[in-house]
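Here is the structure we will look at.
The values are calculated or read from the model by the stated rules, or taken from the named source; none is laboratory data. Note that the structure is a prediction, hence the values are computed from the model and not measured. Here Cβ is always computed from backbone atoms with ideal geometry, including for glycine, and neighbour counts include all displayed protein chains.
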Amino acid sequence: PGTKIGRYKLLQQIGEGGMGVVYMAEQEEPVRRRVAQKIIKLGMDSKQVVARFEAERQALAMMDHPNIARVLDGGTTESGRPYFVMELVQGVPLVEFCDKSKLAPRERLELFIQVCQAVQSAHQKGIIHRDLKPSNILVTLLHGKPMPKVIDFGIAKATNQRLTERTLFTNYATMIGTPAYMSPEQAEMTSLDVDTRSDIYSLGVLLYELLTGSTPFPEKRLRSLGYGEMQRVIAEEEPERPSARLSTLGNEQKTVVAKDRGEDLEALSTLLRGDLDCIVMKCLEKDRARRYETANGLAADLKRHLENEPVSARPPSAGYRFQKAFRRNKVAFVAASAIAAALLLGTIISTWQSVRATRAKQQAQAAQAGEILERERAEVNAQRAIEAQANEAKLRRNAEAMELVSRHQSYAADMNLVQQALELNNLGRAKMFLNRYKPQTGQQDLRDWEWRYLWQQCQSDALFRLGTLPSVVQSISVSHDGRWVAAGGFRGGNIAVWDTLTKQNGLFAYLCG
């Protein structure tokens with residue numbers, strides 16, 4: 001601290017790696033700001049270390065993503081030690097930040113998706129990080145919101161270009177990375193066959209730890225093993241699913257894990273069981289061809305999970321499990337398969353013949369049943385049509401009969417009203433009632449002699465008044481020549497006769513016996 005290197009004044013040491021020391025420094029020109037300055041350690045200036053240091057600087061210089069620390073400058077100290085300057089990330093390691101902030105699983109996943117996007121950006125630039133772990137992902141606050149930053153590309157590998165003109169060669173049997181976060185192919189201690197899917201594995205370990213509070217293979221256990229046994233564990237042992245890991249934790253650790261995630265243990269286990277188990281275990285596949293192809297693919301599946309949509313990750317199929325078991329017990333499987341194949345072939349042939357015969361019989365029966373059903377259905381439909389027509393005709397006849405009865409009743413009543421109107425010498429009213437019964441086209445003519453008689457009486461030159469009668473008339477009759485009018489039905493059995501020619505009224509005849 002206090003030393004000035006170029007335009008940068010060292011303030012305090014904030015980190016240390018295998019080959020370099022990181023200081024918080026203050027840039028004095030052309031702008032005054034605080035930065036992070038990484039300087040190669042004293043005594044670490046071998047060609048290989050210098051080449052790797054230069055490779056990290058070049059890798060970071062290629063990055064252009066908000067979740068990756070940016071390189072601002074680079075150079076060499078007066079003593080010849082290389083350095084480079086990055087933006088200062090005053091953050092907290094990813095897992096520690098999530099635990100201290102008591103972030104819920106959903107918030108942890110949203111933060112982790114940003115990390116995936118940063119790693120995807122690096123991969124698109126042709127850079128494999130190879131050392132993704134919580135301490136290399138710092139979380140800082142930007143406008144009050146957490147923002148992860150991927151740092152330390154010290155052991156990064158380029159996939160399609162050289163990062164430095166210096167010789168950069170990783171010796172065979174040299175372990176590169178952190179064991180607990182290391183992929184099986186990376187644990188083979190050679191970088192010759194490591195691709196971007198190695199980072200996918202490391203992301204899976206990170207996600208496992210964010211959800212359960214522990215890595216699939218605890219760091220303490222791996223460190224206690226020799227290189228050979230460590231390689232075997234990473235390459236061959238299947239880790240527990242995250243939901244299963246929760247149940248194996250000690251009671252005190254279970255309480256802490258659940259509390260740090262704002263969930264009770266049962267709810268957390270239920271949440272992990274299903275999509276998240278499948279997503280994590282897909283990242284941790286030993287066979288990298290079964291992992292996510294890209295970090296974006298992993299991020300997309302997590303987004304689908306958060307949005308309650310189907311995820312692409314699925315539990316290993318029965319075929320895949322069989323394939324792995326076959327490789328472990330090849331001789332026994334071959335012998336058993338030969339016997340099973342012979343039995344199966346005989347069973348298949350006999351079953352096939354039986355199925356053919358049964359199917360032909362079923363098809364014939366189905367065809368016959370179909371014909372019968374169609375015939376019965378046609379008969380039922382025909383009968384229903386006949387019944388519907390009969391019902392319709394009956395209803396029509398009933399309606400017509402009721403209408404005719406109603407018209408007859410109205411006719412009789414209206415004829416009495418005509419008689420009353422004539423007595424009052426109200427010809428207009430009488431004609432109104434009579435006109436009602438002039439038949440319309442297609443309508444039955446109800447008019448009888450009484451209508452014609454009354455109609456004649458409505459003519460002014462033919463009007464003849466019967467005068468006052470002793471009682472109600474029950475019946476009336478007119479002679480064929482229209483001269484004589486007789487009315488009957490009076491009390492006592494009398495009949496009254498009128499001569500319309502002489503206008504003589506009220507000639508009564510009395511019926512005896």
inquiry  = For the condition of a type in the set (A, V, I, L, M) and free of Cβ contacts under 8 Å to residues at least 40 places away in the same chain, what is the one hit in Val89, Val119, Val95, Val71?
reply    = Val71
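Restricting to the range 248-304, give me the number of residues that are assigned to a helix (DSSP H, G or I), within 15 Å of Leu109 (Cα to Cα) and either without any contact (Cβ under 8 Å) to a residue 12 or more places away in the chain or not polar (S, T, N, Q) (or both).
Summing the residues that are assigned to a helix (DSSP H, G or I), within 15 Å of Leu109 (Cα to Cα) and either without any contact (Cβ under 8 Å) to a residue 12 or more places away in the chain or not polar (S, T, N, Q) (or both) in the range 248-304 gives 20.
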ask   = Only one of Gly15, Gly75 is assigned to a strand (DSSP E or B) and in contact with a Gly (Cβ under 6 Å, 6 or more places away or on another chain); which?
value = Gly75
remark   = Of those in the range 221-243 that are part of a loop (DSSP other than H, G, I, E, B) and of a type outside the set (Ser, Thr, Tyr), the residue nearest to the chain's Cα centre (by Cα) is Arg241
query = Which residue out of Gln474, Gln389, Gln409, Gln419 is under 30 Å from Thr502 (Cβ atoms), modelled with pLDDT of 85 or more, out of contact with any Lys or Arg (no Cβ under 7 Å at 6 or more places or on another chain) and polar (S, T, N, Q)?
reply = Gln419
key: Single unsatisfied condition, Leu466 versus (1) of a type in the set (A, V, I, L, M, F, W, C); (2) modelled with pLDDT of 85 or more; (3) assigned to a loop (DSSP other than H, G, I, E, B)   = (2)
task = Scan (1) surrounded by fewer than 16 Cβ atoms within 10 Å (Cβ to Cβ); (2) touching a strand residue (DSSP E or B) at 6+ places or on another chain (Cβ under 9 Å) for the single condition Lys145 breaks and write down its number.
result = (2)
inquiry  = Looking at Ala299, Ala325, Ala360, can you tell me which residue is modelled with pLDDT of 90 or more and either within 43 Å of the chain's Cα centre (by Cα) or closer than 30 Å to Val115 by Cα (or both)?
reply    = Ala299
key: Given (1) in a helix (DSSP H, G or I); (2) surrounded by 10 or more Cβ atoms within 10 Å (Cβ to Cβ), number of the condition Gly428 does not satisfy   = (2)
ask   = Restricting to the range 222-237, what's the tally of residues that are within 17 Å of Tyr201 (Cα to Cα), loosely packed, with under 14 Cβ neighbours inside 10 Å and touching a residue at least 24 places away in the same chain (Cβ under 8 Å)?
value = 2
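Out of Ser183, Ser191, Ser135, I need the residue that is hydroxyl-bearing (Ser, Thr, Tyr), in contact with a Ser or Thr (Cβ under 8 Å, 6 or more places away or on another chain) and modelled with pLDDT of 90 or more. Which one? Step through it out loud before you land on a result.
Working: Ser191 fails: modelled with pLDDT of 90 or more; Ser135 fails: in contact with a Ser or Thr (Cβ under 8 Å, 6 or more places away or on another chain).
Only one candidate passes the filter, namely Ser183.
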request  = Quick one: His65 ticks every box in (1) within 55 Å of the chain's Cα centre (by Cα); (2) more than 28 Å from Gln114 (Cβ to Cβ) except a single one, so which number is it?
outcome  = (2)
